[in-house]
Amino acid sequence: QDDENHVFDVLTRAAVQGHPGAMGHVTAAANRVAQALVDLTNIVDLDHVVLTGPGVAVAGSIYVRAARDALTRLAVARGSHGVLVELSSHPRDAAAVGAASVVLQSVIAPGHGSRLAFPDLHASAAIR
């Protein structure tokens, strides 16, 4: 996994520095992500997208530009509202921050978050 991450980092750094071959590969990947965002936006009517993760850590500007361009041209709701596309301030740490948030939320506000609290059906049957 570390070798794959290193190769991707080298590729994205080359793209950001203007290497034509690397730019072609990264732009193609960014366009695919952008199309997926258009599809998702058209399904659930998003108004804000934050790109994050190690995949966009180095070449986030390329991904953000592709997403903004595609959403401006192809989003169904483009006539009624725009979609704000941003790059996370800490893209490499997104998974860790998200996991920590879920744990904290379950401690601070039990029953709210990724797991829903369901009533104990057996207890309510015994009360009747």
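The values are calculated or read from the model by the stated rules, or taken from the named source; none is laboratory data. Keep in mind that what you see is a predicted model, and the values were worked out from it rather than measured. Here the Cβ is made from the backbone with ideal geometry for all residues, glycine too, and neighbour counts use every protein chain on show. Note: accessible area is taken over every heavy atom of the protein model, side chains too, but ligands, DNA and RNA are not part of it. Shrake-Rupley method; radii C 1.70, N 1.55, O 1.52, S 1.80 Å.
Averaging sequence separations of C-alpha pairs under 8 Å and six or more residues apart, then dividing by the length of the chain, give the relative contact order as a whole percent. Before the final figure, lay out the partial values.
Details: 124 pairs, mean separation 28.9, N = 128.
With pairs under 8 Å counted, the relative contact order is 23 percent.
Given 0.36 nm per residue, what is the gain on full extension from Q105 to R13 after removing their alpha carbon distance, in nm? Intermediate results must be reported in sequence, preceding the final value.
Working: separation 92, 0.36 × 92 = 33.12 nm, distance 3.62 nm.
Full extension of this stretch gives 29.5 nm more.
Working out 0.36 nm times the residue gap between S80 and D2, then minus their Cα-Cα distance, what length gain in nm do you get to one decimal? Don't skip to the answer; put the middle values down first.
Values: separation 78, 0.36 × 78 = 28.08 nm, distance 4.35 nm.
So the extension gain works out to 23.7 nm.
Could you give me the ³J(HN,Hα) list for segment 93-99, computed from phi with Karplus coefficients 6.51, -1.76, 1.60 and θ = phi - 60°, whole Hz, x at Gly and Pro?
Karplus-based 3J(HN,Hα) across segment 93-99 equals 9, 4, 5, 5, 5, x, 5 Hz.
Can you tell which of G98, V44, H6 lies farthest toward the positive end of the dipole of the chain, using +1 and -1 charges on the Cβ of basic and acidic side chains (Lys, Arg; Asp, Glu)?
Value: V44.
As an exercise, use a Förster radius of 22 Å and the Cβ-Cβ distance of T72 and V44 to find the FRET efficiency, rounded to the nearest 0.05. Provide the component values of the computation, followed by the final result.
On the way: r = 18 Å, r/R0 = 0.82.
About 0.75, to the nearest 0.05.
Considering only protein heavy atoms, what per residue accessible area in square angstrom results for segment 36-90 with a 1.4 angstrom probe?
Numbers: 3070 Å² over 55 residues.
Here the per-residue accessible area is 56 Å².
Looking at (1) 17.9, 55; (2) 19.9, 81; (3) 20.2, 73, which value of Rg and Dmax of the Cα atoms in Å comes from a calculation on the structure shown?
(3)
For a quick check: with amide H placed at 1.01 Å from N, whose amide H comes under 5 Å from V85's, ignoring anything fewer than 5 positions away on the same chain?
Amide H to amide H, under 5 Å and 5 or more residues apart or across chains, V85 pairs with V49.
Summing +1 for each Lys or Arg and -1 for each Asp or Glu, what net charge is found among the other residues whose Cβ lies under 13 Å from the Cβ of L11? Don't jump to the answer; show the numbers that get you there.
Numbers: positive: R13; negative: D3, E4, D9.
Summing Lys/Arg as +1 and Asp/Glu as -1 gives -2.
Helix 60-74 sits at what angle to the longest principal axis of the chain, using alpha carbons and giving 0 to 90 degrees rounded to 10?
Between the helix axis and the principal axis of the chain, the angle is about 80 degrees.
So what is the 222 nm mean residue ellipticity for the chain from helices alone, if each DSSP H run of at least 4 adds -39500 (n - 2.57) and you divide by all residues, rounding to the nearest 500 deg cm²/dmol? Please list the in-between numbers first.
Working: 5 runs with 77 residues, N = 128.
Computed ellipticity for the chain at 222 nm equals -20000 deg cm²/dmol.
Give the carbon-plus-sulfur fraction of the accessible surface of the chain in %, rounded to a whole number; probe 1.4 Å, heavy atoms of protein chains only.
Using a 1.4 Å probe with all protein chains present, the chain comes out at 60 percent carbon and sulfur.
Taking θ = phi - 60°, what integer Hz values does the Karplus form 6.51 cos²θ - 1.76 cosθ + 1.60 yield along segment 42-48, in sequence order, with x for Gly and Pro?
Using θ = phi - 60°, the values come out as 5, 7, 10, 6, 5, 10, 8 Hz.
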